[in-house]
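**Q** Structure below; questions to follow.
The values are calculated or read from the model by the stated rules, or taken from the named source; none is laboratory data. Model, not experiment: these values are computed from the prediction. All Cβ positions, glycine included, derive from the backbone under ideal geometry; neighbour counts span all protein chains shown. Heads up: the accessible areas ignore ligands, DNA and RNA and are worked out on the full protein's heavy atoms, side chains in. Shrake-Rupley method; radii C 1.70, N 1.55, O 1.52, S 1.80 Å.
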Amino acid sequence: MRFDLTDMRLFLSVVECGSLTQGARSMHLAVASVSERIAGMEAVLGAPLLERNRRGVTPTAAGEALVRHARSILGQVEQMRGELRGFATGLKGRIRLLSNTAALASFLPPHLCRFLADHPDLSVDLGERPSPEIVQALVEGRAELGIVADFTDFANLQTHRIAQDQLVVVASRRHRIAAQATVAFADIVGEPIVGMADTALEAHLAERASRLGHQLHYRVQLRSTEQVAMLVDAGIGISIVSNALARSMPGGLAILPLSEPWATRRLYLCARDFGALTPHAGLLARQLTSGAPVGAAVDPSSPDAGKP
């Protein structure tokens, strides 16, 4: 059996687009050519890779297996090319790191500053994503390291606890709660909310609200802290975010910690296998866990894996 890299890229494109036509277009090939190549792959394998229907195509069980292996192989090829390209340009290595918004707001910058100053031949490809997307990217091999919040499903990843942060309510100074030192979630659960686009946090808060018999009322959800702060200051609603994120917003807003114990959330550094990281990624992992609590390492097979 022999599939080349073009075959694998083509097959992934078709599966991700859910259509031979769209997959062919993304690869700048004719549909007939794409169909012929996939038919050739199926002939070599001796089993169908795609189920064709009126809505497009979906992978068979054999196709799903090919998707997993193709992503792994192509990821390794890209990593190899990146590292070799780095030698040609004077860079000795690049590390793919994804972070949620909370860690990017305060935890990461000083660590990255120290790491990049200590390792001038290394570079970091840093992306900001919601925690569930980071987990999926790590599982699929599209990133080496990720930082996520503890209310995310860690799947089968290995984790190290690296920091913790407090959830707070951000409100206009004119709001009825503005003068309080802290606020209970039950006291603001019915308020209109200006949300940050954080899927994991949204799900976490929704679950807490449902325990109180409420649904959260989001008037709008945004990705920019400046935009959230502007709408909160205008009285459009309150916002519930991490303390680190709240402190990065423009001044003039009331910031009140949520009083419940569950409002203290923990941040975890994740990888598929810390022992299998590239030497460069391993160096960054050690930097990020250098201040982690004693006993923070979590084996994914242990009963405490993924717990605070």
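**Q** Note down the net charge around Arg142, summing +1 for each Lys or Arg and -1 for each Asp or Glu among other residues with Cβ under 13 Å from its Cβ.
**A** Computed value for this residue: -1.
**Q** Using a Förster distance of 45 Å, how high is the FRET efficiency between Arg55 and Glu226, based on the Cβ-Cβ distance and rounded to 0.05?
**A** Calculated transfer efficiency: 0.65.
**Q** Further, regarding this structure: Calculate for the chain the 222 nm mean residue ellipticity that helices alone would give, adding -39,500 (n - 2.57) per DSSP H run of length 4 or more and normalising by residue count, nearest 500 deg cm²/dmol.
**A** Dividing the helical sum by the residues of the chain leaves -12500 deg cm²/dmol.
**Q** Given a 1.4 angstrom probe, what's the average accessible area per residue across the chain, in square angstrom?
**A** I get 50 Å² per residue for this part.
**Q** Let me ask something else about it. Quote the charge dipole size of the chain about the Cα centre in Debye, to the nearest 20; the model charges only the Cβ of Lys and Arg (+1) and of Asp and Glu (-1).
**A** For this selection, approximately 340 debye.
**Q** Sticking with this one: Find which of Gly127, Ala137, Gly18 sits farthest along the positive direction of the dipole of segment 1-157, computed with +1 on the beta-carbon of Lys and Arg, -1 on that of Asp and Glu, about the Cα centre.
**A** Gly18
**Q** Please list the helices of the chain that count as membrane-span-like by this rule: a mean Kyte-Doolittle hydropathy of at least -1.0 together with Cα atoms stretching 20 Å or more along the helix axis, each helix being a complete DSSP H run.
**A** Result, helices passing both filters: 31-45, 61-89.
**Q** Could you compute the FRET efficiency for Glu36 and His214, with r as their C-beta to C-beta distance and R0 at 51 Å, rounded to 0.05?
**A** That gives a FRET efficiency of 0.35.
**Q** Moving to a separate point now. Regarding the chain, what's the average projected area of the Cα-atom convex hull, expressed in nm²?
**A** For the chain, averaging the hull's shadow over all directions gives 20.2 nm².
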